[in-house]
Amino acid sequence: MLDVQLDELLAEVPAGAGEALDLVTGFDDALVYGFARVAEEPAAALSALAAALAATPLGERVGEAVAKVTAGSVTDEHLAVLAGARAALLGAVHDALLTRFDTALARARAPWDAPASDATPSDATETASGPATNRAGGGAAAGAPGGGAAGDGAVRGQAANLLAGCRGWLREIAIVGWRGVDHDLVSSADRVIEALLTVPELRGLAVLLDGLATELRASSPVATMGRVPARRWADLWTRALLLAQQGPWQAAPGEGELVSGRLLILGADVHEHATAVRLQVHAVLEPTGGGPSRLVRTSVAAAKVDTIVGPTVWRMLAGHPVLLGALAGHLAVEISGMPLLPGGDLVWHDDRASAADEADPFAVARVRLADATAPPVTPLDRHSVRIAEPVLIEGYTVEGDTLALGGSTVRFDLDRLPSCGPLTPELVAASTACVGLLRWDAGQWRVQPLGVQATVKKKPVTAHTGDWALGPTDPKVVKAEAKAGDVVAVLRERAGRLLRR
């Protein structure tokens, strides 16, 4: 990335984005105290939301929903429309930011072409041209329910009842507000979540609801909290409510275009939580038979317990040896007939992949990244916090946690560095080149390092988050791991004992 590109990217926030986010904040504040009795200030915030969308295809329905909710009539349909309106505003901000990014880096992006089964009534899929400009044209509110003909055949019987149960729980939250959430209300979702987990098409919704319920349970009774994370919880509530509508997003997992070719890995983003670990790999796909190269992602995940931390978490992903070996050895991967979803996500099958020749991530970024076509963003994923674009930045200096290039500065997102790899804040501070993800967080662009080239004690050092995918290579870490013992083996042995009883 040249300094002039960074200058253009870091220019002022796109016009109207601030006003759009203010409207979302007003809605989120109203949700804190609930819709059972809407006070004057929350009512004004909801009215402002309706006014901002009045000229859009959603306008009439949002106005009706606001009028009904402020009058005390809180139905699933009205809440779904409000969730769609909130998503439309955030989607418009997302599009404006992504347009700024694509323009600054001259990155080509494939357009979103809704599949035939993705057709929803026009009042839900037309663009919401609110305070921020919608880059994509259609789809600012895509995923908002519009009366429901689409996808009815995909969700029937038990699954339809489970979706209704989800909407009922989310409706109760909206009525009492976050301040009214207690242990009884949180626990009432447990049976629905357990049942959702048994339906593959609804497992993503189940995990989302389980995460929200876990946070609420840890915070209950919420009335005693000093500060409510209103934006985060409203984001989770909105996404869950939209996913709980019948629609094509309840498609069978793994559906998509089958692709083959050479996968050149850029880096790995590791998400560590107390009970799960998720690995998301960003790469350039060179399709078999030629054609433009494409930016893709692929993810694998595993459940764990909170005592499995650090480099040990890689062992939970041992069922994907080709992918882990490629990360640790900096190898390209040949894939054959692997499903590629419309949003650019490869559904990983280790048995459809084989290790190829060496492919240094920095060399890949320098030679292939600029020409690769970025995937479109699916309608329900259009939120600024989900922006994570691979970039290569070179020739900068670092002061503290801030990168300086030319006359521009951008902060490193050091909180996202995983504990399972060799990449540390100290190495980032000593770096002059970085392959990372450019994100939008808390009103500003930040760089999440996936790999760096640095100078330590006058010697060049290169480190990537996935270098220890087959085990740590640092002797000190290896010794510490040996001293701590094999946590995974101990836990498996204990679990075996319990099962034998």
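Scanning segment 8-40 for residues that are touching a residue at least 12 places away in the same chain (Cβ under 8 Å) and charged (D, E, K, R) yields Glu8, Glu19, Asp28, Asp29, Arg37. If you go through segment 298-313 and keep only what is crowded, with 17+ Cβ neighbours inside 10 Å, at negative phi and out of contact with any helix residue (DSSP H, G or I) (no Cβ under 7 Å at 6 or more places or on another chain), you end up with Thr298, Val313.
Please verify whether Arg294 is in contact with a helix residue (DSSP H, G or I) (Cβ under 6 Å, 6 or more places away or on another chain) and among the basic types (Lys, Arg), treating the condition exactly as stated.
Working: in contact with a helix residue (DSSP H, G or I) (Cβ under 6 Å, 6 or more places away or on another chain): no; among the basic types (Lys, Arg): yes.
Spelling it out, it is not the case that Arg294 is in contact with a helix residue (DSSP H, G or I) (Cβ under 6 Å, 6 or more places away or on another chain) and among the basic types (Lys, Arg).
Please tell me if Ala404 is of a type in the set (A, V, I, L, M) and outside the structural domain of Pro292 (by TED's automatic domain parsing). Yes: the conditions hold for Ala404. Helices (runs of 4 or more DSSP H) fully within segment 172-272 that include at least 2 residues being within 25 Å of Asp441 (Cα to Cα) and touching a Lys or Arg at 6+ places or on another chain (Cβ under 9 Å): 203-219, 230-243.
Condition first: of a type outside the set (Asp, Glu), more than 22 Å from the chain's Cα centre (by Cα) and assigned to a helix (DSSP H, G or I). Can you find one or more residues in segment 347-354 that meet it? Write out each step before concluding.
So in segment 347-354, the residues of a type outside the set (Asp, Glu) come out as 347-349, 352-354.
Then drop every residue that is not more than 22 Å from the chain's Cα centre (by Cα), which leaves 352-354.
Going one step further and asking which of them are assigned to a helix (DSSP H, G or I), we end up with 352.
Yes; the residues of segment 347-354 include at least one that is of a type outside the set (Asp, Glu), more than 22 Å from the chain's Cα centre (by Cα) and assigned to a helix (DSSP H, G or I).
Report yes if Gly325 is at positive phi and over 24 Å from the mean Cα position of the chain (by Cα), otherwise no.
Numbers: at positive phi: no; over 24 Å from the mean Cα position of the chain (by Cα): yes.
Here the answer is no, as Gly325 does not meet what is asked.
All conditions in (1) at positive phi; (2) touching a helix residue (DSSP H, G or I) at 6+ places or on another chain (Cβ under 7 Å) hold for Leu31, with the sole exception of (1).
Can you tell me which residue in segment 94-119 is surrounded by the most Cβ atoms within 10 Å (Cβ to Cβ), limited to those that are closer than 29 Å to Arg171 by Cβ and at pLDDT below 95? By that ranking, first place goes to Asp118. Of the residues in segment 42-65, at least one is touching a residue at least 24 places away in the same chain (Cβ under 8 Å) and of a type in the set (S, T, N, Q).
The values are calculated or read from the model by the stated rules, or taken from the named source; none is laboratory data. Values in this document were obtained by computation on a predicted structure and should not be read as measured data. Because the Cβ atoms are built from the backbone with ideal geometry, glycine has one as well, and the counts that use them run over all protein chains shown.
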